[in-house]
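Visitor: I'd like to ask some things about the structure below.
The values are calculated or read from the model by the stated rules, or taken from the named source; none is laboratory data. No experiment lies behind these values; they were computed from the predicted model shown. Counting neighbours? That spans all protein chains shown, and the Cβs are built from the backbone with ideal geometry, glycine included.
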Amino acid sequence: MIPYFYHQFEIHLKDLININYNFMENQFVTTYFLLILFLSFQSYAQETEKIDDNLKDQQTAHDEETLKKHSISASLNHTIIFSAIKNGESHSSINVPSFGLNYTYAFSEKWGVGLHNDIILEDFVVKGASLNNAATRNTTEEIVTIERGTPISMALMAIYKPIENLGIMVGGGMEFSSHEDYAILRFGLEAPFQLPENWEIFGVLSYDIMIDAYNSLTYGIGAVKQL
């Protein structure tokens, strides 16, 4: 009987060892497979990240190459002159034609600087603030007047574009006339729209404050050529 039981025990022990060995072998294969899978995903993620970085670098380089830094523009405008005097009578405002010619340099897609030049195509008279504002003035019935003869303004403008089709402008300069020159503060908006062959059309709205003189509002439409 003892040899029989010993023989049965030996058979069960071998089966148990085989089961454990197969289990360990399966565990090793599973672990090895998971490790290979993990390393493959990690390598794929790194390669994808490199490709994304390269695409971003190429896009940035492309944007820098395609950015047109220089542009010139011309616009046909109407200018509203406040506190105007016409035919000896005081008016709240008058409308006069004007013309704009600008040069803009773009630092980036969002920032730029421009030299904006405007000429008002008519002579006009406005009501002044006080007798001490200028040397060349005259008084009629106690109304202080300021005469402007086809004034030309030049302003250096900082330009910021928060979105593609909107530019915010702030700057200052001088208005020149045969009668007297005045300093200007100018605030404005531009709405450009891209056309083929590096052309744009735009609408413009600007507000000028002539120091110790008068204020005006200009609106118009123009065309831009990017160089």
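Residue-wise test of (1) surrounded by 15 or more Cβ atoms within 10 Å (Cβ to Cβ); (2) under 16 Å from the mean Cα position of the chain (by Cα); (3) outside any loop (DSSP other than H, G, I, E, B).
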position: 180; (1), (2), (3): yes, no, no
position: 192; (1), (2), (3): yes, yes, yes
position: 208; (1), (2), (3): yes, no, yes
position: 218; (1), (2), (3): yes, no, yes
position: 221; (1), (2), (3): no, no, yes
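Visitor: If a residue counts only when it is over 20 Å from residue 183 (Cβ atoms) and modelled with pLDDT of 90 or more, which strands (runs of 3 or more DSSP E) contained entirely in the stretch 117-165 have at least 2 such residues?
Guide: In the stretch 117-165, 152-163 are the strands (runs of 3 or more DSSP E) which contain 2 or more residues that are over 20 Å from residue 183 (Cβ atoms) and modelled with pLDDT of 90 or more.
Visitor: Out of curiosity, is residue 77 over 18 Å from the mean Cα position of the chain (by Cα), at pLDDT below 75 and not in a loop (DSSP other than H, G, I, E, B)?
Guide: When the stated conditions are applied, residue 77 does not pass them.
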